[in-house]
Amino acid sequence: MAGRRVLVVEDDDGLRETLVEVLRDEGHEVRAAQDGAIALGTLEEWDADLILLDVMMPRMDAFAFRSAQRARGAAMDAKVIVLSAAPEIETAADQLGADRWLPKPFRLTDVLDSVDELLDGGVGVDSPSARGR
Amino acid sequence: MTSPDSRVPNSTASASDASLLLRGEVAFRLLVDAVQDYAIFLLGPDGRVLTWNRGAQRIKGYTADEIIGQHFSRFYTPEEREAGRPMRLLGWAAEQGRFEDEGWRVRKDGTRFWADVIVTALVDESGVPYAYAKVTRDLTERRAAEEQQRRLLAEQEARKAAEEALHARDRFLSIASHELKTPVATVQLGVETILRARGRGRLDDARLVAGLHRVRAATERLGVLLNELLDISRLTADQLPLTVGDVDLVALTRDVVDRFADAAPRPDAIRLVAPEHAVISGDASRIDQVITNLLDNAMKYTDGAPEVEIRIEPHPDGVELVVADRGRGLASMPKARMFEAFGRGDDTTSVPGLGLGLHIARTIVERHGGRIAAGSQPEGRGSIFTVWLPREQPYP
């Protein structure tokens with residue numbers, strides 16, 4: 001599939017760098033942010049098709065990021081995949097208006113399949129590997 | 001001017017005064033006698049009962065016939081009688097004019113009641129007591145109600161503490177799962193990414209090395225977290241064997257500072273103010289852990305560039321070690337809770353670590369017979385932790 005724009009918002013350096021590397025490998029244009037505030041800045045000049053979003057982050061967490069993003073009308077069409085280790089990830093994903101959620105730790109194929117399906121317009125297609133809705 | 005006319009009313013007045021006085025005294029005695037809620041009676045200077053009222057009979061169980069002429073010490077418990085407390089009470093009343101006391105008293109049937117007693121000395125012109133007025137109230141029910149109230153309050157507090165502990169545990173589990181799962185995710189994803197790139201023939205050396213570095217950093221992080229968890233379970237089980245030997249706190253602190261300096265953004269981020277040596281007896285690796293945790297704490301809770309000062313001051317009987325930072329300070333949480341396990345501030349979910357560092361530090365310091373305290377910097381910027389370790393080990 002054609003490369004699309006993916007924004008990775010994750011405070012853990014190792015995880016963020018790995019996600020960026022593997023998504024670039026898939027031919028996507030990838031930007032990365034360590035927290036919600038940096039992600040907001042990125043979206044001001046760069047429209048994402050998909051956002052991989054960690055929940056607990058310093059400075060600005062996923063909830064503050066999403067409400068600021070909506071208030072600014074930034075990347076409103078972007079699909080959102082929530083990444084979290086929290087037991088309440090499903091509730092969090094729901095509150096964040098996310099399209100999918102992936103509980104940490106996740107497999108590489110989980111991430112790539114979810115990204116592919118969402119960017120192909122396959123919203124609502126439930127695959128066993130993408131444990132979302 | 002005296003006239004028969006004027007004298008008559010006078011003498012009539014004094015006669016009627018006297019009778020009024022007499023009637024007043026009778027009325028007063030009747031009043032005292034009728035009082036049911038207070039035992040009101042007089043004691044002679046030797047402690048024998050002179051008068052008795054209805055309240056005294058109701059509260060203490062004796063009739064006037066039974067008790068008048070008896071010594072008042074029988075109202076006291078055998079222990080207090082033996083200790084000579086009854087006559088001492090009269091002595092205090094004589095000295096001070098009035099003495100109030102609360103305690104157990106004994107009824108005629110041997111049962112006890114909780115009494116509030118006021119003894120007033122009645123003195124003659126030369127100040128010598130000729131009698132003591134004793135007013136006793138039975139506070140047994142009030143005391144029981146107060147105790148019930150105290151018990152309820154204690155139960156409420158215990159429940160609140162239990163709920164707080166549960167809340168702290170949930171918070172800890174959520175932090176622990178986040179902290180542990182994120183590096184696991186990095187390891188898993190990192191290894192899979194390397195394998196996938198290799199499968200596609202796209203794995204060059206640079207990519208392999210970068211990927212392995214990320215995996216190594218994540219496993220190191222996991223190792224630290226697991227050690228923290230193991231430490232806390234050992235501490236909770238009270239199993240912390242100390243290997244005691246001579247420890248130079250200054251050399252030890254220099255080692256710790258060197259370790260942190262590698263990761264610090266500026267070489268002068270950590271300043272050590274210390275004499276050449278400060279030797280105590282203790283467990284070097286455990287004390288290393290205390291300094292590491294305090295320094296880690298100081299660096300972690302600083303939003304901007306960290307600026308930490310460590311001071312070591314030897315005293316004759318021990319050594320004081322102070323870690324002062326310019327971080328966010330301690331305003332957001334009670335100082336007592338800070339050293340509890342899982343007791344970190346609510347606003348710190350984004351700070352890495354399990355929040356056990358200070359608890360582990362306190363436990364180690366206390367096992368060494370020392371103390372640890374936390375405070376805020378005078379200007380309100382930053383926190384200050386003070387550790388005191390004794391020179392010799394009280395529990396070798």
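R0 = 35 Å: FRET efficiency of residue A:47 with residue A:94, Cβ-based, nearest 0.05?
My answer for the efficiency is 0.90.
Across peptide A:99-106, how many C-beta atoms of other chains are within 10 Å of each residue C-beta, on average?
Other-chain Cβ atoms within 10 Å of each residue's Cβ, averaged: 4.
What net charge is computed for the residues neighbouring residue A:4, neighbours being all others with C-beta under 9 Å from the C-beta of residue A:4, Lys and Arg scored +1, Asp and Glu -1?
-1
Which value, in debye to the nearest 20, describes the size of the charge dipole of the protein assembly as shown about its Cα centre when Lys and Arg Cβ atoms bear +1, Asp and Glu Cβ atoms bear -1, and nothing else is charged?
So the magnitude is around 1340 debye.
Would you kindly derive the ³J(HN,Hα) couplings of the stretch B:268-273 from the backbone phi angles with the Karplus curve 6.51 cos²θ - 1.76 cosθ + 1.60 (θ = phi - 60°), listing them in order in whole Hz, with x for Gly and Pro?
Ordered by residue, 3J(HN,Hα) equals 9, 5, 10, 10, 10, 10 Hz.
Please list A:67, B:126, A:84 in order of solvent-accessible area, largest first, computed with a 1.4 Å probe with all protein chains present.
Ranked list, largest accessible area first: B:126, A:67, A:84.
For residue B:198 and residue B:219, calculate 0.36 nm times their separation in residues minus their Cα-Cα distance, and state this gained length in nm to one decimal.
5.4 nm
Using the basic label-point model (7 angstrom from Cα toward the beta carbon), what is the residue B:142 to residue B:281 distance in nanometres?
5.7
I'd like the distance separating the alpha-carbon centroids of the stretch A:1-21 and the stretch B:181-227, in whole Å.
Going from one Cα centre to the other spans 15 Å.
Over chain A, what is the relative contact order in whole percent, taking alpha-carbon pairs under 8 Å and six or more residues apart?
Averaging sequence separation for qualifying contacts and normalising by length gives 19 percent for chain A.
With every protein chain left in place, what is the accessible area of residue A:113 in Å² (1.4 Å probe, nearest 10)?
50
May I ask you to compute the full-extension gain from residue B:88 to residue B:159, defined as 0.36 nm times their residue separation minus their alpha-carbon distance, rounded to one decimal in nm?
Using 0.36 nm per residue and subtracting the Cα-Cα distance, I get 21.1 nm.
Could you give the size of the charge dipole of the stretch B:94-162 about its Cα centre, using +1 on the Cβ of each K and R and -1 on the Cβ of each D and E, expressed in debye and rounded to the nearest 20?
Dipole of the stretch B:94-162, to the nearest 20 debye: 440 debye.
When the Karplus curve 6.51 cos²θ - 1.76 cosθ + 1.60 is applied with θ = phi - 60°, which whole-Hz ³J(HN,Hα) does each residue of the stretch B:289-298 get, with x for Gly and Pro?
Karplus values, whole Hz, x for Gly and Pro: 4, 4, 5, 4, 5, 5, 5, 4, 4, 5.
Evaluate the stretch B:242-295: find the radius of gyration of its Cα atoms, find its Kirkwood radius, and give the ratio Rg to Rh.
1.00
Set the Förster radius R0 to 35 Å, insert the Cβ-Cβ distance between residue B:251 and residue A:25 as r into 1/(1 + (r/R0)^6), and round the FRET efficiency to 0.05.
E between residue B:251 and residue A:25, to the nearest 0.05, is 0.10.
Mind listing the long-range amide H neighbours of residue B:272? Cut-off is under 5 Å, sequence gap 5 or more, other chains count too, H placed in the peptide plane at 1.01 Å from N.
B:310
In terms of solvent-accessible area of protein heavy atoms at a 1.4 angstrom probe, what is the ranking of B:95, B:147, B:82, highest value first?
Heavy-atom accessible area, descending, gives B:82, B:95, B:147.
Calculate log10 I(q)/I(0) of the stretch B:180-288 for q = 0.21 Å⁻¹, where I(q) comes from the Debye formula with a single equal point scatterer on each Cα and nothing for solvent.
Rounded to two decimals, the profile gives -1.11.
Count, for each residue of B:169-180, the Cβ atoms from other chains sitting within 10 Å of its Cβ, then give me the mean as a whole number.
3
Provide the FRET efficiency to the nearest 0.05 for the residue B:149-residue B:107 pair, computing r from the beta carbons and using R0 = 30 Å.
0.75
If I ignore ligands, DNA and RNA and count only protein heavy atoms, how much of residue A:63 is accessible to a 1.4 Å probe, in Å² to the nearest 10?
80
Read phi for every residue in the stretch B:127-134 and hand back ³J(HN,Hα) as whole Hz from Karplus 6.51 cos²θ - 1.76 cosθ + 1.60, θ = phi - 60°, with x for Gly and Pro.
In residue order, the calculated couplings are x, 8, x, 9, 6, 10, 8, 10 Hz.
Put a dot 7 Å past each Cα toward the Cβ at residue B:386 and residue B:77; how far apart are the dots in nm?
My value for the distance between the label points is 4.2 nm.
Taking the radius of gyration and the Kirkwood hydrodynamic radius from Cα positions alone, what is the Rg/Rh ratio for chain A, to two decimal places?
Result: Rg/Rh = 0.91.
What percent of all Cα-Cα pairs in the protein assembly as shown falls in each 10 Å bin, counting up from 0?
Binned Cα distances yield the sequence 3, 13, 16, 13, 11, 10, 8, 8, 7, 5, 3, 1, 1, 0, 0.
Given a 1.4 Å probe and the protein chains all in place, what does the accessible area of residue B:381 round to, in Å² to the nearest 10?
My reading of the accessible area for residue B:381 is about 130 Å².
The values are calculated or read from the model by the stated rules, or taken from the named source; none is laboratory data. Note that the coordinates shown come from a computational prediction; the quantities given were computed from them, not determined experimentally. Note that each Cβ is placed from the backbone with ideal geometry, even for glycine, and that neighbours are counted across all protein chains shown. Each accessible area value is taken on the protein alone, full model and side chains, heavy atoms only, with ligands, DNA and RNA left out. Shrake-Rupley method; radii C 1.70, N 1.55, O 1.52, S 1.80 Å.
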